[in-house]
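A.B. asks: Mind looking over this structure? Questions follow.
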Amino acid sequence: MKKFCLFIFCLLSILFLKAQQTFQQDQKMNKFIKDLMSKMTLDEKIGQLNLVTPGGAVTGSVVSKDVDAKIRNGQVGGIFGINGPDQIRQAQDIAVKNSRLHIPLFFGLDVIHGHRTIFPIPLGLSCSWDIPMIQQSAHIAATEAAADGLNWVYSPMVDIARDPRWGRIAEGSGEDPYLGSQIAAAMVRGYQGNDLTANNTVMACVKHYALYGAAEAGRDYNTVDMSRIKMMQYYLPPYKAAVDAGVGSVMSSFNEVDGIPATANHFLLTEVLRNQWGFKGFVVSDYTSVSEMINHGTGDLQTVSAQALKAGLDMDMVAEGFLTTLKKSLQEGKVTQKDIDDACRRVLEAKYKMGLFDDAYRHDDTQCAATSILTDSNRLAARQFAEHSFVLLKNSNNILPLKKSGTIALIGPLADNQRNMLGTWNIRGQYNEDVTVIQGIKNIAGSDVNVLYAKGSNISDDSMLVTNINNFAKQIDVDSRTPQQMIDEAVATANKADVVVACLGEAADMTGEASSMSDIRLQQCQRNLLQALLSTGKPVVVVLFNGRPMILGWENKNVNAMLDVWFPGTEAGNAIADVLFGSYNPSGKLSTTFPQNVGQIPIYYNHKNTGRPLNPGDGHKFKSDYLDVTNEPLYPFGYGLSYTSFTFSDPVLSKTTISGTEGLTATVTVSNTGNYDGEEVVQLYLHDKVASITPPVKELKGFQKIFLKKGETKQVVFNINHSDLMFYGKDLQLVAEPGEFEVMTGPNSRDVRMTTFTLK
Ligand code: BGC
């Protein structure tokens with residue numbers, strides 16, 4: 001008892017000291033900013049709210065003009081889209097040496113999945129279900145970005161997406177709020193570390209707030225209309241997780257939500273973000289999303305800028321609506337001095353917390369850039385992260401791993417293709433530094449393997465698609481040969497081999513921003529190629545490059561194996577070869593459902609029941625289903641195979657009845673019963689059987705990635721806490737209601753074993 005009291009006393013003392021320290025630091029900051037703001041003119045305050053880009057990675061039709069002059073005049077708070085210590089130093093020089101108040105600038109960039117060393121696209125990384133690894137990927141990206149002079153990154157992108165037609169599904173962590181929240185928080189920790197003033201950290205910016213992933217019909221920038229309960233329960237948790245992890249900034253999204261553009265949405269920006277979640281940082285708009293409200297139909301530039309500021313937006317990216325209209329709006333009483341001061345203060349506070357007032361050049365050091373970027377250890381990390389992100393979709397007769405002997409026919413438009421390994425958003429990544437599949441296979445296979453190659457087809461022969469992609473970046477190389485000539489060469493090559501490895505899929509920019517697709521099958525020319533390869537009778541392994549779930553029913557039925565490698569990044573070829581030859585046993589699990597066909601979209605595992613669910617054995621009439629396709633997806637959420645096999649016991653609960661805020665544990669015994677060592681992601685789902693708001697059929701509430709040696713058995717224990725039983729009730733408050741809960745555990749969301757407990 002004495003010891004316990006001492007422990008509590010020490011704990012309270014530490015908490016007290018910490019609170020006191022924070023209070024003192026805040027007071028110091030507040031005084032500094034108050035003094036600074038007392039010297040600022042109205043124009044200078046508005047200038048801090050202006051974010052410009054002088055070019056580089058632009059994603060809209062407007063580019064900022066007269067940037068140097070504006071910095072000198074105190075009309076710029078930050079710049080994005082430039083990088084490299086020299087350029088950044090020049091711009092910072094103007095701000096801190098030549099502007100009246102010497103206020104330093106932010107330097108931002110879209111560092112999304114690595115900076116110069118490119119890791120798998122975020123959707124791929126999320127399939128690792130490896131939270132420490134994902135955190136490490138953000139930490140390495142921060143180290144490289146900081147060494148390049150940057151202090152602010154536009155990541156993590158945490159938009160929940162249930163529609164694979166939406167190209168930006170590639171940039172996020174899939175469909176699940178629980179997994180998405182874990183990843184969001186890990187990335188914030190990875191970028192920001194414990195100290196935003198350190199040399200190897202950058203301020204993160206969680207985006208796109210909010211609900212951008214729910215764009216109607218999967219068409220980018222499109223309308224979102226959603227009930228508040230649905231947003232709270234399924235779409236908002238990852239943004240909140242980033243806020244809880246201390247993210248410094250938030251980016252508003254392009255879309256409207258229930259008739260009000262997110263960029264001027266008071267409910268989202270103030271009521272939820274600041275008032276409910278206690279967010280203390282600043283909110284930046286997306287690229288011209290302030291002026292785009294004119295197209296949304298909510299007013300002219302002055303009106304929409306005032307709406308945005310009043311709703312809680314602090315910084316205007318590129319549109320210059322704040323810069324050019326806020327003064328007038330103040331004179332006309334449409335915004336208040338306090339509105340402008342609050343926004344300015346939040347921007348300055350962020351700069352203060354990043355230590356920019358002490359050393360505006362902290363991140364700017366050419367020496368550091370030369371020694372910290374694309375290092376051997378970063379490349380090694382990229383290789384390992386990629387291996388962990390791959391999902392083995394099919395492997396009949398254990399055709400994989402490949403033997404390191406015999407002849408391999410490496411076929412397909414992505415087999416020897418440096419331009420498409422990095423995926424969307426790789427601003428500083430350089431494709432000529434990537435490892436292609438053919439290089440990787442040659443590096444790993446050894447001298448007993450004979451590797452033959454034929455391209456077999458273009459990525460696409462659809463001239464509209466090719467033009468749309470190649471106008472942005474030349475990623476689809478259209479061969480001068482006819483499709484038939486290419487197929488003939490591929491078939492002749494396949495006929496000489498023991499096994500065919502077909503590298504098929506999308507070009508990098510067939511996903512990402514403004515890359516929605518209505519047909520998400522493999523392109524026709526690749527399906528023709530695959531059919532021809534299959535007709536040789538040789539075993540065919542598909543290595544699939546994609547930034548979204550694709551429609552793969554035919555491929556799944558006909559090929560022998562399929563490895564989904566997403567867009568793996570700089571070390572693509574080496575990572576793919578490691579997995580194909582079994583140096584690494586695949587462990588990735590899907591973070592999004594793969595539909596059977598486009599008509600099933602949106603399809604996601606945590607759906608509700610209907611009043612007329614289709615149960616096994618039911619006739620079809622008057623049931624909630626389709627006449628021409630079953631309700632099941634092709635591959636469910638959480639799915640992914642391994643070269644070994646695992647068996648799962650039923651979950652065993654520590655209690656079958658709990659009351660109040662009590663928790664319980666669920667224990668699962670997992671055995672590696674196959675022939676390889678391997679990792680398995682053990683997943684826990686809950687189903688609240690009766691609730692005041694209709695519950696989903698299951699929800700992920702826990703997972704653990706474990707390593708089991710061949711023949712080994714381990715017990716996995718999950719804590720189920722009171723908070724795991726909660727949901728958003730009618731009044732939008734979290735509640736847990738008494739009743740029966742199903743506990744399901746297994747290797748994916750479909751193949752689960754179940755038991756129940758009761759909350760009294
Ligand atoms: C994108 C953002 C990005 C911004 C700046 C926009 O078009 O939606 O994700 O951060 O551009 O590049």
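A.B. asks: Under 6 Å between Cβ atoms, which residue pairs at least 6 apart in sequence (or on different chains) link something in segment 651-676 that is without any contact (Cβ under 8 Å) to a residue 24 or more places away in the chain with a partner that is assigned to a strand (DSSP E or B) and of a type outside the set (V, I, T)?
C.D. replies: Partner pairs satisfying both residue conditions: S654/L664.
A.B. asks: Which number in (1) touching a Leu at 6+ places or on another chain (Cβ under 7 Å); (2) in the same structural domain as R345 (by TED's automatic domain parsing) marks the one condition that G60 misses?
C.D. replies: Going through (1) touching a Leu at 6+ places or on another chain (Cβ under 7 Å); (2) in the same structural domain as R345 (by TED's automatic domain parsing) one by one, G60 breaks only (1).
A.B. asks: Would it be correct to say that G638 is closer than 23 Å to P616 by Cα and surrounded by 20 or more Cβ atoms within 10 Å (Cβ to Cβ)? Working first, answer last.
C.D. replies: Values: closer than 23 Å to P616 by Cα: yes; surrounded by 20 or more Cβ atoms within 10 Å (Cβ to Cβ): yes.
Against the criterion (closer than 23 Å to P616 by Cα and surrounded by 20 or more Cβ atoms within 10 Å (Cβ to Cβ)), G638 qualifies.
A.B. asks: Go through segment 174-227 residue by residue and tally those that are of a type in the set (F, W, Y) and either farther than 30 Å from I520 by Cβ or assigned to a helix (DSSP H, G or I) (or both). Step through it out loud before you land on a result.
C.D. replies: Step one: list which residues in segment 174-227 are of a type in the set (F, W, Y), which gives 178, 191, 209, 212, 221.
Those still in the list that are either farther than 30 Å from I520 by Cβ or assigned to a helix (DSSP H, G or I) (or both) too: 178, 191, 212.
Of the residues in segment 174-227, 3 are of a type in the set (F, W, Y) and either farther than 30 Å from I520 by Cβ or assigned to a helix (DSSP H, G or I) (or both).
A.B. asks: Starting from residues that are touching a Lys or Arg at 6+ places or on another chain (Cβ under 7 Å) and within 16 Å of the ligand (Cβ to nearest atom), keep the ones in segment 168-186 and report whichever is farthest from N83 (Cα to Cα).
C.D. replies: Within segment 168-186, the subset touching a Lys or Arg at 6+ places or on another chain (Cβ under 7 Å) is 169-170, 175, 178.
Filter again for within 16 Å of the ligand (Cβ to nearest atom), leaving 169-170.
Values: I169: 26, A170: 24 Å.
Across segment 168-186, the extreme among qualifying residues is I169.
A.B. asks: If T467 meets every condition in (1) free of Cβ contacts under 8 Å to residues at least 24 places away in the same chain; (2) under 25 Å from the mean Cα position of the chain (by Cα) apart from one, which number is that one?
C.D. replies: (2)
A.B. asks: Under 24 Å from L330 (Cα atoms) and either open to solvent by 60 Å² or more (accessible area, probe 1.4 Å) or at pLDDT below 95 (or both): does that describe S61?
C.D. replies: Values: under 24 Å from L330 (Cα atoms): no; either open to solvent by 60 Å² or more (accessible area, probe 1.4 Å) or at pLDDT below 95 (or both): yes.
In short, no.
A.B. asks: Every residue in segment 222-260 that is within 21 Å of the chain's Cα centre (by Cα) and either among the basic types (K, R) or modelled with pLDDT under 95 (or both), please.
C.D. replies: Answer for segment 222-260, where residues must be within 21 Å of the chain's Cα centre (by Cα) and either among the basic types (K, R) or modelled with pLDDT under 95 (or both): K230, K240.
A.B. asks: Mind counting the residues in segment 702-735 that are open to solvent by 30 Å² or more (accessible area, probe 1.4 Å), in contact with a helix residue (DSSP H, G or I) (Cβ under 7 Å, 6 or more places away or on another chain) and on the phi < 0 side of the Ramachandran plot?
C.D. replies: The number of residues fulfilling the criteria is 1.
A.B. asks: Considering only residues that are more than 16 Å from the ligand (Cβ to nearest atom) and open to solvent by less than 10 Å² (accessible area, probe 1.4 Å), which ones fall in segment 149-165?
C.D. replies: To start, the set of residues in segment 149-165 that are more than 16 Å from the ligand (Cβ to nearest atom) comprises 149, 162-165.
Result: G149, P164.
A.B. asks: Filter segment 415-447 down to residues that are open to solvent by less than 10 Å² (accessible area, probe 1.4 Å), hydroxyl-bearing (S, T, Y) and in a helix (DSSP H, G or I), then give me how many there are.
C.D. replies: Total meeting the criteria: 0.
A.B. asks: Within segment 69-84, identify whether any single residue is loosely packed, with under 12 Cβ neighbours inside 10 Å, at pLDDT 90 or above and over 23 Å from G429 (Cα atoms), and answer yes or no.
C.D. replies: The initial filter retains those residues of segment 69-84 that are loosely packed, with under 12 Cβ neighbours inside 10 Å, namely 69.
Next cut, at pLDDT 90 or above only: 69.
Add one more test, that the residue is over 23 Å from G429 (Cα atoms), and what stays is 69.
Checked segment 69-84: at least one residue is loosely packed, with under 12 Cβ neighbours inside 10 Å, at pLDDT 90 or above and over 23 Å from G429 (Cα atoms).
A.B. asks: Kindly list the number of the only condition in (1) of a type in the set (S, T, Y); (2) closer than 19 Å to R548 by Cα; (3) within 16 Å of the ligand (Cβ to nearest atom) that fails for S126.
C.D. replies: Looking at each condition in turn, S126 falls short on (3).
For (1) assigned to a strand (DSSP E or B); (2) more than 29 Å from the chain's Cα centre (by Cα); (3) among the acidic types (D, E); (4) crowded, with 16+ Cβ neighbours inside 10 Å, each residue gets a yes or a no:
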residue	(1), (2), (3), (4)
T647	yes, yes, no, no
E662	no, yes, yes, no
A666	yes, yes, no, yes
V670	yes, yes, no, yes
N675	no, yes, no, no
V682	yes, no, no, yes
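A.B. asks: Quick one: how many residues across segment 483-531 are among the small types (G, A, S) and either assigned to a helix (DSSP H, G or I) or open to solvent by 30 Å² or more (accessible area, probe 1.4 Å) (or both)?
C.D. replies: To start, the set of residues in segment 483-531 that are among the small types (G, A, S) comprises 490, 492, 494, 497, 502, 505, 507-508, 512, 514-516, 518.
This time we only want the ones that are either assigned to a helix (DSSP H, G or I) or open to solvent by 30 Å² or more (accessible area, probe 1.4 Å) (or both), so: 490, 492, 494, 508, 514, 516, 518.
Result for segment 483-531: 7.
A.B. asks: I would also like to ask the following. Is at least one residue of segment 402-412 open to solvent by less than 30 Å² (accessible area, probe 1.4 Å), part of a helix (DSSP H, G or I) and in contact with a helix residue (DSSP H, G or I) (Cβ under 8 Å, 6 or more places away or on another chain)?
C.D. replies: no
A.B. asks: Identify the single condition in (1) outside the structural domain of D286 (by TED's automatic domain parsing); (2) part of a loop (DSSP other than H, G, I, E, B); (3) of a type outside the set (D, E) that L36 does not satisfy, given that it satisfies every other one.
C.D. replies: Unmet condition: (2).
The values are calculated or read from the model by the stated rules, or taken from the named source; none is laboratory data. Computed from a prediction, not measured in an experiment: that's the story for all the values here. Using ideal geometry, Cβ is built from the backbone for each residue, glycine included, and neighbour counts are taken over all protein chains shown. Just so you know, the surface numbers come from the protein's heavy atoms only, side chains and all, with ligands and any DNA or RNA stripped out. Shrake-Rupley method; radii C 1.70, N 1.55, O 1.52, S 1.80 Å.
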